[in-house]
1. Just to confirm a number: summing +1 for Lys and Arg and -1 for Asp and Glu over residues other than P63 whose beta-carbon lies under 15 angstrom from that of P63, what do you get?
2. Averaged per residue, what accessible area in Å² does the chain show with a 1.4 Å probe, protein chains only?
3. Not counting the cut sites, what is the longest span of the chain without GluC sites (Glu not before Pro) that DSSP labels loop and that have at most 16 other Cβ atoms within 10 Å?
4. For the chain, what is the per residue volume of the convex hull drawn over the alpha-carbon atoms, in cubic angstrom?
5. Can you say what percent of the DSSP beta bridges in the chain, counting only those with both residues inside, are antiparallel? Round to 5.
6. Once neighbouring chains are kept in place and the probe is 1.4 Å, which whole percent of the accessible area of the chain is contributed by carbon and sulfur?
7. With each run of n ≥ 4 DSSP H residues scored as -39500 (n - 2.57), what mean residue ellipticity at 222 nm is computed for the chain after dividing by its residue count and rounding to the nearest 500 deg cm²/dmol?
Amino acid sequence: MSGLVLYQRDDCHLCDLALAMLAQARAPEFESVFIDEDDALEARYGVRVPVLCDGAGRELDWPFDAERVGAWLRG
């Protein structure tokens, strides 16, 4: 596992776009975490979702495209 997590919401159009960008970038396997019913995650990521995080604690906020995701993953 790559340690990647995508923080997102249910019924989120931007989150759907982020998923498409991750597929286009051929991102490694990641965990989807929905923040809707978690007060702590809601406070941290509420207006920022979707947010991609790695095991080192780096975060990539939306908007991003496949090229930016690839560069961030290599970074």
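The values are calculated or read from the model by the stated rules, or taken from the named source; none is laboratory data. Please read all numbers here as calculations on a predicted model, not as lab measurements. Neighbour counts are summed over all protein chains in view; Cβ atoms, including those assigned to glycine, are modelled from backbone coordinates with ideal geometry. We work out accessible area using only protein heavy atoms, side chains counted, and drop any ligands, DNA or RNA first. Shrake-Rupley method; radii C 1.70, N 1.55, O 1.52, S 1.80 Å.
1. On the way: positive: R48, R68; negative: D16, E59, D61, D65, E67.
With Lys, Arg at +1 and Asp, Glu at -1, the neighbours total -3.
2. Details: 4620 Å² over 75 residues.
That works out to 62 Å² for each residue.
3. In the chain, the maximal stretch lacking such sites is 38-75.
4. 81
5. DSSP beta bridges in the chain are roughly 55 percent antiparallel.
6. Carbon and sulfur together cover 49 percent of it.
7. Using -39500 (n - 2.57) per qualifying helix, the result is -10500 deg cm²/dmol.
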